[in-house]
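Worksheet: one structure, shown below.
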């Protein structure tokens, strides 16, 4: 087979057939549908949250009362936050408007802060082995 015949054979092959359009359209439609449902369906908000450290629940509080707590990894305790006090290995947990967030942390990646304020779901701080779970009526988690 010479060069011209090889080029002719390559040109005969098609990588995109008419039937492929239907498959791609169906896949795109399913992705769009699941994305739309994910944004429209919101989990029911919880009424309390639990702080879990190293797999053990160490603190539970209501989401209806605005408060600020501090978790310290050195002793694994949650206390009321005192403004101006120096903490090390900490996460400042803020409850406001029925949602909880990690307002400040001294962990190296600050991923827990990027979760923002949540009324359902879970916030995780891997460096401090901390997990904040929203609990209550209608709330289900996979964890």
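The values are calculated or read from the model by the stated rules, or taken from the named source; none is laboratory data. Note that the structure is predicted; figures quoted are calculated from it, not measured. For neighbour counting, all protein chains shown are included, and Cβ atoms are generated from backbone atoms with ideal geometry for every residue, glycine included.
From the residues in the range 122-143 that are part of a loop (DSSP other than H, G, I, E, B) and surrounded by 16 or more Cβ atoms within 10 Å (Cβ to Cβ), which one is modelled with the lowest pLDDT?
Residue satisfying both the conditions and the ranking: 139.
Counting only residues that are surrounded by 10 or more Cβ atoms within 10 Å (Cβ to Cβ) and without any contact (Cβ under 8 Å) to a residue 60 or more places away in the chain, how many does the range 35-47 have?
Of the residues in the range 35-47, 2 are surrounded by 10 or more Cβ atoms within 10 Å (Cβ to Cβ) and without any contact (Cβ under 8 Å) to a residue 60 or more places away in the chain.
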